[in-house]
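Here's the structure we're looking at; comments come further down.
The values are calculated or read from the model by the stated rules, or taken from the named source; none is laboratory data. Just so we're clear, the structure is a prediction, and the values are computed from it rather than from any experiment. Cβ coordinates were reconstructed from backbone atoms using ideal geometry, including for glycine residues, and neighbour counts include every protein chain displayed.
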Amino acid sequence: MNLTENLCSPSSVALIGVSRKTGKGALNPLQVLLDFGYKGKIYPVNPLANEILGHKCYKNVRDIPETPDLAVIMVSRERVPSILRDCAEKGIQIAIIISDGFAEADEKGKLLQDEILNIHKETGIRILGPNSMGVVNHYSHFTTSFVPVSSKVAPIAFIGQSGLFVQGFSHLYIGKSIDIGNGCDIGFSEIISDLLDDSEIEIIAIHIEELKDPLSLWEVLKKKSLKKTIIAFKSGRSKQAAKAIISHSGSIAGDYMIYKAFFERLGIIPVESTQQLEDVVYLFLKLKEIPEGKRVGIITPSGGAGIICLDSIEENGFLLANLSKRSIIRAKEIYPDYYSPSNPLDIMSASFRHGYRKVYTEALNIMLEDKNVDIVFCINGIPTLKTIGKVISKRDYRKPVISWVIGDYRRDKVEDLTKNIFLPAFNHPERAFEALNICMRNKELEDLRKKNPDFIKISRDSLNKIEKIFEDMETTGYLSYKAFDVIKSISLNVPKYLIIKDMKDFEAEKVFKELKAPVCMKFEVKHISHKKKEGLIRLGIRNPDELNKAYKEISSKIPKEKIIAILFQEMIEGEIELFIGVKKDPKFGHIMMIGKGGTDVELYRDIEPIMIPFNRKEAEYIFRRTKIAKSVPKDFLDKFLDVMIAISTLCIKFPKIKEMDLNPVILNSEGAWIVDAKIFI
């Protein structure tokens, strides 16, 4: 048996610290386990009881006549280390620690967690938790939950850092649930590795607050390949949530952009809400396969309902299909003479003539047979699910059919009518198209990732020059004008510029002899990297008089000894301003952020992440997910992709780069221009 099987399918279990309180609302794990139908041996351990719910109770785990497969510990945090050591001495190989108050709580809790981790290292006993709700396994009827669980099951495994989905989702059920809690020992990588080989599981859903060892997950997925669909919800994306996590699981949240890029590189599907997690899992469970194209055919009993779908179709990158001539001719046979059928296909007028069920059946057959339609979207009430199910169950079809159930959406009835058929049914069209877009996006990326990364060639002389610049920066610290020297060394365009390091050398007339108007002026000041916020930049200066005035205004506010240099540069004209940022995370490595640039980059946050290195097609696909991408012509985009590949290569050649900020990158007919740059090492 592997680790996850030992956790989820033990033949015997010791429940240490189980309560004597039973009955409704008692939150007693023994009672929940018995109600769940577990057939293995159960050993309650409570020194204050002789018997609980018909099971003999033991004073200490050492008193149990055999060695249980699993120990579940639910005592006060102070008692956990000694009991864990007793379990190890008893020969128990795995323990689940339900008790809380450890690293997620306070300094004493951190010390206690360190103590139990040391016991694991000394004795070899494996630990799930602490601060874990444990496991639920519907296939073996085993659970450590103190909350009653549903008897319904689906081939979905959920791994999380809280007991959030022990009872499944509001829209579907699960087969196995594993809560790693604080994850002091057993973590995501080992469990995912086991679940990839689990014949009972088709889909793996994970909820992550912090991934402590991403490299181990990387190695697992590269070694075994991604045999199953994995969907990940990373909570703690906001600053407020990140603070809350410290008091919840003892872990500090990483930057969401970094996690998103990492997940996508591994083939894990990132989602941004519990709703998306539920909907995407549901779609993968209910779709026979992910569609190749995005042309949607709509069948609707209401013209207004069809129009409502059009916004969701466009917002999520889908297209309204143009029905073939053959489909139009077939549809006309069931419609009144005055009606011209089109997409969306409003069936109500035809239904008055031939009956609703017959018309819906014919409309669905028309859509399924039309090669111009990639996805059939049915708008219907609950009873029509039976009609749709009959059509698709009789055909060996590959085209997905998705339903929007209007009116009274009764979950049990929907489940009953769609059981054992590939027919996902949603109560909101927006959720359906958003989830489908996420599924298709993952499939497209999966194909692009198969290509090797692209790099530019950097000459040995240029590499030596950059290395020397970085050595100087290690001594002097961040200098923006040095960043321009690096950028130029990898053959990227920067505006013509002039640097003055001694204020005595400043002559406005000399600047305009060297540079074409208009120019901008940037003061390089010690310990200040955000010049714009500090008022150290002036733009659009057209003559020496304006330059002298701007120079006096800024220099009068700054002690001369703090001024390192002044950078003057020609201004570049262009309608499109983009952004490239790079961050090196200690655990994940270099991540690039791309999107809308300029002064409002923080305001709009139209940014997508990509893990370095990458290939050109992958880079283009990620960029096209931004809103600004629609405004970038193909020839301009090619120039921007050149910059992305160059910066990616630079980061691979010089792993000492911690951060980069190229903003804006201005695109015009002459090329892509790095107008402002920051590099931190």
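Would you call LYS450 over 15 Å from PRO400 (Cα atoms), among the basic types (Lys, Arg) and in a loop (DSSP other than H, G, I, E, B)?
Values: over 15 Å from PRO400 (Cα atoms): yes; among the basic types (Lys, Arg): yes; in a loop (DSSP other than H, G, I, E, B): yes.
When the stated conditions are applied, LYS450 passes them.
Which of the numbered conditions does ASP279 fail, given that it passes all the others? Conditions: (1) over 21 Å from VAL391 (Cα atoms); (2) surrounded by fewer than 23 Cβ atoms within 10 Å (Cβ to Cβ); (3) not β-branched (Val, Ile, Thr).
All conditions are met except number (2).
Filtering the range 379-400 down to residues that are out of contact with any Leu (no Cβ under 8 Å at 6 or more places or on another chain) and small (Gly, Ala, Ser), which residue is surrounded by the most Cβ atoms within 10 Å (Cβ to Cβ)?
Checked the range 379-400; the qualifying residue surrounded by the most Cβ atoms within 10 Å (Cβ to Cβ) is GLY381.
Specify the residue that is nearest to LYS222 (Cα to Cα); the eligible residues are those in the range 249-261 that are out of contact with any Pro (no Cβ under 6 Å at 6 or more places or on another chain) and either at pLDDT 95 or above or surrounded by 21 or more Cβ atoms within 10 Å (Cβ to Cβ) (or both).
Across the range 249-261, the extreme among qualifying residues is TYR259.
Scan the range 362-379 for residues that are in contact with a Ser or Thr (Cβ under 6 Å, 6 or more places away or on another chain) and either part of a helix (DSSP H, G or I) or among the polar types (S, T, N, Q) (or both) and jot them down.
ILE366, ASN372
Residue check, SER162 against (1) within 15 Å of PRO130 (Cα to Cα); (2) modelled with pLDDT of 90 or more, all met but one. Which one?
Here SER162 meets the rest and fails (2).
Does ARG441 satisfy the condition of being within 32 Å of the chain's Cα centre (by Cα), in a loop (DSSP other than H, G, I, E, B) and at negative phi?
So ARG441 does not fit the description; no.
Taking the range 139-154 as the search range and keeping residues that are assigned to a loop (DSSP other than H, G, I, E, B) and among the aromatic types (Phe, Trp, Tyr), which one is farthest from ILE98 (Cα to Cα)?
Applying the first criterion (assigned to a loop (DSSP other than H, G, I, E, B)) to the range 139-154 yields 139-141, 144-154.
Then drop every residue that is not among the aromatic types (Phe, Trp, Tyr), which leaves 139, 146.
Numbers: TYR139: 22, PHE146: 10 Å.
Taking the candidates together, the pick is TYR139.
Tell me whether the range 506-525 contains one or more residues that are within 15 Å of ALA565 (Cα to Cα) and free of Cβ contacts under 8 Å to residues at least 12 places away in the same chain.
Scanning the range 506-525, I find at least one residue that is within 15 Å of ALA565 (Cα to Cα) and free of Cβ contacts under 8 Å to residues at least 12 places away in the same chain, so the answer is yes.
Return the residues of the range 277-310 that are without any contact (Cβ under 8 Å) to a residue 60 or more places away in the chain and under 14 Å from PRO429 (Cβ atoms); say none if nothing qualifies.
GLY304, ILE307, LEU310
How about the range 99-143: which of its residues are farther than 20 Å from ILE204 by Cα and polar (S, T, N, Q)?
Hits for the range 99-143 are SER99, GLN113, ASN118, THR123, ASN131.
Only residues that are among the hydrophobic types (A, V, I, L, M, F, W, C), under 25 Å from ARG616 (Cβ atoms) and assigned to a helix (DSSP H, G or I): list them for the range 455-483, please.
Filtering the range 455-483 down to residues among the hydrophobic types (A, V, I, L, M, F, W, C) leaves 455-456, 458, 463, 466, 469-470, 473, 479, 483.
From what is left, the residues that are under 25 Å from ARG616 (Cβ atoms) are 455-456, 458, 463, 466, 483.
Within the range 455-483, LEU463, ILE466, ALA483 qualify.
Mind listing whichever residues of the range 543-588 are without any contact (Cβ under 8 Å) to a residue 60 or more places away in the chain and either part of a strand (DSSP E or B) or of a type in the set (A, V, I, L, M) (or both)?
Passing the criteria: LEU547, ALA550, ILE554, ILE558.
List every residue pair whose Cβ atoms sit under 7 Å apart, with the two residues 6 or more apart in sequence or on different chains, where the first one lies in the range 151-166 and is in the same structural domain as PRO130 (by TED's automatic domain parsing) and surrounded by fewer than 23 Cβ atoms within 10 Å (Cβ to Cβ) and the second, anywhere, is part of a loop (DSSP other than H, G, I, E, B) and at pLDDT below 80.
ALA154/LEU172
Do you know which of the residues in the range 97-109 that are surrounded by 15 or more Cβ atoms within 10 Å (Cβ to Cβ) and not hydrophobic (A, V, I, L, M, F, W, C) is farthest from VAL75 (Cα to Cα)? Even if it seems obvious, please write down each step before you answer.
Within the range 97-109, the first condition is being surrounded by 15 or more Cβ atoms within 10 Å (Cβ to Cβ), and the residues that meet it are 97-105, 109.
Among the residues that remain, those that are also not hydrophobic (A, V, I, L, M, F, W, C) are: 99-101, 104, 109.
Values: SER99: 6, ASP100: 9, GLY101: 11, GLU104: 17, GLY109: 14 Å.
Taking the candidates together, the pick is GLU104.
Okay, residues lined up against (1) among the polar types (S, T, N, Q); (2) at pLDDT below 95; (3) within 20 Å of GLU190 (Cα to Cα):
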site	(1), (2), (3)
LYS108	no, no, no
LEU111	no, no, no
GLU115	no, no, no
ARG126	no, no, yes
MET133	no, yes, yes
HIS141	no, no, no
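How about the range 262-332: which helices (runs of 4 or more DSSP H) wholly inside it have at least 3 residues that are under 18 Å from LEU423 (Cα atoms) and of a type in the set (Val, Ile, Thr)?
none
In the range 294-311, how many are over 27 Å from LYS358 (Cα atoms) and modelled with pLDDT under 95?
Number of matching residues: 1.
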